[in-house]
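The values are calculated or read from the model by the stated rules, or taken from the named source; none is laboratory data. Here the structure is a predicted model, which means the values were calculated and not measured. Don't worry about glycine lacking a Cβ; one is built from the backbone with ideal geometry, like all the others, and counts go over all protein chains shown. Please note that ligands, DNA and RNA were not included when accessible areas were found on the heavy atoms of the full protein model with its side chains. Shrake-Rupley method; radii C 1.70, N 1.55, O 1.52, S 1.80 Å.
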Amino acid sequence: MHQPLSYLAPAGIGPWGVFLQQIDRVEPYLGELAFWLETLKRPKRILIVDVPIHLDNGGVAHFEGYRVHHNLSRGPGKGGVRFHQDVSLSEVMALAGWMTVKNAAIGVPYGGAKGGVRVDPRQLSMGELERVTRRYTSEINMLIGPDKDIPAPDVNTNEQIMAWMMDTYSINQGRTATGVVTGKPLSLGGSLGRKDATGRGVFVAGVAAAEKLGVPVAGARVCIQGFGNVGNAAARCFHNAAARIIAIQDVSGTLHNPAGIDVPALCEWLRLGKALADFKNAELIAAEEFWGIESEFLIPAALEGQITGNNAGRIRTRIILEGANGPTLPEADDILGGNGVLVVPDVLANAGGVTVSYFEWVQDFSSFFWSEEEINRRLDKIMTDAFAAIWAKAQEKKVSMRTAAFILACTRVLEARQVRGLYP
Ligand code: NAD
């Protein structure tokens, strides 16, 4: 007998509803562990905080902040912090749930957590952004710590924000605690290779998928939605492997060039503070056209819920690499599967970020830092091993790679749950 969660009404709607549907699809494959499945259908704890700050104009603004611990059965919480005007409790709960699954799927010793502030950082000055970050960090201080819950960057958060979070936590603790966040600058115990790790992992998963389908990467056509931390690094990896990046979409617009967009030139363009939509040598097309462009690889690397029952049928690609978390809705998964599109799910495809975050955390604890070569070698091995295990499970059970990843991950989490037992 399980009581429904009262704090999300109606519970089935939004990203959390998507996560619940994905969990439901795993149940038939869990055997006796299905007895514990309800554990994953409710977060362990949720903290909602008020984040008030002084504005530069003398006023005061309040923002809504969250930190969610979805499941800590296998280790401390791990998951990013998102600053975005549309952040909601449902979204942060789902993102925390996906972190539980991702960490277990690739075998790093963490539970799942996530945080966010409902704020549009583009509307803030640098000083206001720092005050939001520091106040939010102070408000969630009771939940985070190097052995409790370790935040990292996500949408609209970066190395600088991690540095402020680390500094605020350290001041509150009265000691320097570098291991409280990952994705920090190198000067604060950050790791070589972390910045590009998620995009690099997307590429490694893409190469593994392409091998299975017999698709050559050199010369392959690649479409990317989102050109931030993840999309940008993935684009550079594919570009370096002689693939052609033929379409890129971000909030400013959608670029298309069948001959291939000059990725290094575009990166330099953006570094100078210019908008992607103003980049020359590519045609600016309508946003909706993006989904119908024929390609070998399609990489959603922006936000969740982008591939829906409405546009999935128009997608003409061989392999979808989910750089973003939760970009594909369950009904779209079914359509893509029916059309023979291989979806490499977020919990595998974008796991490179948390993998190198794990390396960063280990390096901080041991105060011994590895070379970039060592980090990339270990990252590539974890990604290819995880891909192979999930691919094999998908073949064995005749399910999608997403369901296969969830089977492996939920089994690991629920085994931990079972053997730990319930207290009292
Ligand atoms: P980011 O803030 O660096 O970049 C986000 C990009 O998405 C920007 O280019 C933005 O213009 C674009 N975008 C936002 N809304 C869009 C829309 N409606 N249509 C088209 N483009 C849009 O964020 P990021 O860190 O690259 O994260 C992107 C995704 O990858 C998120 O889903 C995040 O959860 C996931 N992810 C990030 C990491 C990481 O290490 N940063 C790790 C794993 C997963």
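Note on segment 287-312: residues that are open to solvent by 10 Å² or more (accessible area, probe 1.4 Å) and among the aliphatic types (A, V, I, L, M) total 5. Here the helices (runs of 4 or more DSSP H) wholly within segment 313-371 that include at least 1 residues being away from the ligand (no atom under 16 Å from the Cβ) and open to solvent by 10 Å² or more (accessible area, probe 1.4 Å) are 330-338, 352-366.
The single condition among (1) open to solvent by less than 60 Å² (accessible area, probe 1.4 Å); (2) away from the ligand (no atom under 16 Å from the Cβ) that Ser187 does not satisfy is (1).
For segment 48-73, a residue qualifies if it is over 29 Å from Thr328 (Cβ atoms) and either among the aliphatic types (A, V, I, L, M) or modelled with pLDDT under 95 (or both), and the qualifying residues are Val49, Val51, Ile53, Leu55, Val60, Ala61. In segment 103-120, the residues that are more than 28 Å from Ile390 (Cα to Cα) and acidic (Asp, Glu) form Cβ pairs under 8 Å with partners that are at pLDDT 95 or above and not in a strand (DSSP E or B), at six or more places apart or across chains, as follows: Asp120/Gln85.
Within segment 121-143, being in a loop (DSSP other than H, G, I, E, B), open to solvent by 30 Å² or more (accessible area, probe 1.4 Å) and over 13 Å from Leu55 (Cβ atoms) holds for Asn141, Met142. Going through segment 386-424 one residue at a time, which ones are in a helix (DSSP H, G or I), open to solvent by 30 Å² or more (accessible area, probe 1.4 Å) and polar (S, T, N, Q)? Those that are in a helix (DSSP H, G or I), open to solvent by 30 Å² or more (accessible area, probe 1.4 Å) and polar (S, T, N, Q): Gln395, Thr411, Gln418.
Counted as qualifying within segment 34-101 are the strands (runs of 3 or more DSSP E) with 2 or more residues that are of a type in the set (D, E, K, R), away from the ligand (no atom under 16 Å from the Cβ) and open to solvent by 50 Å² or more (accessible area, probe 1.4 Å), namely 45-54.
Would you check if Ile224 is open to solvent by less than 40 Å² (accessible area, probe 1.4 Å), more than 22 Å from Pro345 (Cβ to Cβ) and in contact (Cβ under 8 Å) with a residue 60 or more places away in the chain? In short, no. When you check Trp391 against the structure, is it aromatic (Phe, Trp, Tyr) and within 18 Å of Arg200 (Cβ to Cβ), yes or no? When the stated conditions are applied, Trp391 does not pass them. If you go through segment 156-178 and pick out every residue that is among the polar types (S, T, N, Q), open to solvent by less than 60 Å² (accessible area, probe 1.4 Å) and within 13 Å of the ligand (Cβ to nearest atom), you end up with 1.
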